[in-house]
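Asks: Structure in structure tokens, see below.
The values are calculated or read from the model by the stated rules, or taken from the named source; none is laboratory data. No experiment lies behind these values; they were computed from the predicted model shown. Cβ placement follows ideal geometry from the backbone for every residue including glycine, while neighbour counts extend to all protein chains displayed.
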Amino acid sequence: MIRHCVFVRFRNDVTDDERAAIHADLEALRRVIDGMGKVEFSVNTSPEPFARGFTHGFTIDFRDAAARDAYLVHEAHSRAGARLVAALEGGTDGLMVFDLDIGA
């Protein structure tokens, strides 16, 4: 299983409603991308001082690398990703992605 970890810095003017809509767009991808599993969203709650300004994050579990790769090129992901990037501080500078192979 691949756990797709995304950490973001939203612009200060992005409302809670807009963040919720972005989350809903990402969650909706489960209906169109085979092998895409659980999606979890959260604000950073770590007490450690290493967040480097990343305030929110989400993870998506994929059955395998092939499912993750299908997600990456899917047109619905491109639309949801563009909406997310538009809401971030500095566009893609406000984004960090890290994938973990956590086994089956």
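Asks: Looking at (1) of a type outside the set (Val, Ile, Thr); (2) under 13 Å from the mean Cα position of the chain (by Cα); (3) outside any helix (DSSP H, G or I), which is the one condition that is false for residue 27?
Replies: Only one criterion is unmet by residue 27, namely (3).
Asks: Any idea which of (1) assigned to a helix (DSSP H, G or I); (2) free of Cβ contacts under 8 Å to residues at least 40 places away in the same chain is the one residue 47 doesn't satisfy?
Replies: (1)
Asks: Given the residues 103, 57, 53, which is the only one that is surrounded by 16 or more Cβ atoms within 10 Å (Cβ to Cβ) and either at pLDDT 95 or above or in a loop (DSSP other than H, G, I, E, B) (or both)?
Replies: On the way: 103 fails: surrounded by 16 or more Cβ atoms within 10 Å (Cβ to Cβ); 53 fails: surrounded by 16 or more Cβ atoms within 10 Å (Cβ to Cβ).
Exactly one of 103, 57, 53 is surrounded by 16 or more Cβ atoms within 10 Å (Cβ to Cβ) and either at pLDDT 95 or above or in a loop (DSSP other than H, G, I, E, B) (or both), namely 57.
Asks: Looking at the stretch 85-100, which of its residues are out of contact with any strand residue (DSSP E or B) (no Cβ under 9 Å at 6 or more places or on another chain) and part of a helix (DSSP H, G or I)? Explain how you work it out, then say what you get.
Replies: First, pick out the residues of the stretch 85-100 that are out of contact with any strand residue (DSSP E or B) (no Cβ under 9 Å at 6 or more places or on another chain): 86, 90-93.
Of everything in the stretch 85-100, those that are out of contact with any strand residue (DSSP E or B) (no Cβ under 9 Å at 6 or more places or on another chain) and part of a helix (DSSP H, G or I) turn out to be 86, 91, 92, 93.
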